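FYI, it's all coordinate maths here, none of it is from the lab. Keep in mind that this is a model prediction, so the values were computed, not measured. Counting neighbours? That spans all protein chains shown, and the Cβs are built from the backbone with ideal geometry, glycine included.
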Amino acid sequence: MAPWQVKRLKLHIENSISRPIALHELAALSRLSTSRFSAAFKISFGLPPHAYLIERRVAFAKTRMLTSDAPLCEIALDCGLADQAHLSRVFRRVTGTPPSVWRRSRREASGDGGGRIIPNSVEAGSSEYLSLAQHGIKPKSAGMPEESGAPPDRSWR
């Protein structure tokens, strides 16, 4: 794939992570037929389109789990998955551990005791922070005072 196609696809996937993304939609963005697109995508990204999309959804879920106190059912919907059970199956398949255990172990390791933490660059790459910003989620750094009791802005949904 040409660099413009790769860039366009990555941006579209990050911007559309919370909704279903069809293969024909991605193929149309890259101006290729569906079968040609699938082969080219695998060569360019190293994974088939569905596997790459799942990987991005799990990365987004990891970032949301570390930077918010949102329940897993909400995070699942934010990641474009059907429900919490779907998130658990996909997350466990990709990481080898359930999301609740993964979240708890990262928070305990940070010594945060259950509050939100900002992941380090090993856990979450800059693209995940870009994705958070695109979805209107502002990562909260450790030690910051809690926000007011007002509900969070969810206008990006």
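Could you work out the relative contact order of region 48-116? I mean the mean sequence separation of Cα pairs under 8 Å and 6+ apart, divided by the number of residues, in percent.
Relative contact order, region 48-116: 28 percent.
Which order do the peptides 93-106, 72-85 take when ranked by the mean count of other beta-carbon atoms within 10 Å per residue, highest first?
The densest-packed peptide leads the list: 72-85, 93-106.
Please compute the modelled spin-label separation between Trp4 and Ser33, points set 7 Å along Cα→Cβ, answer in nm with one decimal.
Label at Ser33, label at Trp4, 2.2 nm between them.
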